[in-house]
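Just below is one structure, and these are the notes that go with it.
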Amino acid sequence: MNSSKRPELSHDDARTFDGTPVFCTLEGPRKLLRLCGTFDIKVGGQTVKWDNDPRGRWWFTEQAFLEILDMATNMATDAAAAVSAGPDLLNHIMSWVVREKSAVCADWNSLANIYSLNIPTGEKISCWAGHIRAQPLFSKSDPHQRKSALMLPGGLVQYVIDGLQDKRYDGWVRAERPLRVAVGTA
């Protein structure tokens, strides 16, 4: 994808956008984030480990993630005032707000770890960008066939980037940390 010609966006990928996505080029230095993890699913009576690729295609800005953290912290603070709660409440709320804003179906990704795409100074990468469309809590392909009327509203700007597995991008994607906060005591 990261050449001078504009690639086609598949119908399935285009449906993840709320409106018409824009083809653009991002220039470094720039940092994007992605959440992914490993979780177990049942397939045909067997448990299979499902890994999301840290060099996957779906990314969002670091600023968007910081706004999500602020939202989750405010929600957790309000909830903690009503009940005695520790960092587990903040972690639960943070994971939920990330899932809502990114509209990542629960069966697609555990959102366990944060990865960064660090575009170096002077480098460019092409992508499709636009606001994320709402998705159901569980996809139609959920291996557990769970159903829910709940919709994840989306709304973040997503960047769909192909080709990050290419050796040219070695070193651009790094594991940042787990999607958990540790709250110390005063």
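Data overview
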read-out	value
Extreme residue, modelled with the lowest pLDDT, among residues of region 28-67 that are in contact with a Leu (Cβ under 8 Å, 6 or more places away or on another chain) and among the aliphatic types (A, V, I, L, M)	35
Close pairs from region 165-179: first part of a strand (DSSP E or B), partner of a type in the set (S, T, N, Q) and modelled with pLDDT of 90 or more, Cβ under 9 Å, at least 6 apart	173/116; 173/118; 174/116; 174/118; 175/116; 176/116
Candidate set: region 89-107, residues that are touching a Phe, Trp or Tyr at 6+ places or on another chain (Cβ under 9 Å) and assigned to a loop (DSSP other than H, G, I, E, B); chosen: the one farthest from residue 70 (Cα to Cα)	107
Exclusive hit being buried (at least 20 other Cβ atoms within 10 Å of the Cβ), farther than 18 Å from residue 178 by Cα and modelled with pLDDT of 90 or more, set 76, 103	103
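Let's see how each residue does on (1) surrounded by fewer than 20 Cβ atoms within 10 Å (Cβ to Cβ); (2) out of contact with any strand residue (DSSP E or B) (no Cβ under 7 Å at 6 or more places or on another chain); (3) assigned to a loop (DSSP other than H, G, I, E, B):
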residue	(1), (2), (3)
111	no, no, yes
114	no, no, no
118	yes, no, no
122	yes, yes, yes
128	no, no, no
140	yes, yes, yes
144	yes, no, yes
149	yes, yes, yes
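The values are calculated or read from the model by the stated rules, or taken from the named source; none is laboratory data. The model shown is predicted, which means the values in this text are computed figures rather than measured ones. With ideal geometry, Cβ positions are generated from the backbone for all residues, glycine too; neighbour counts draw on all protein chains shown.
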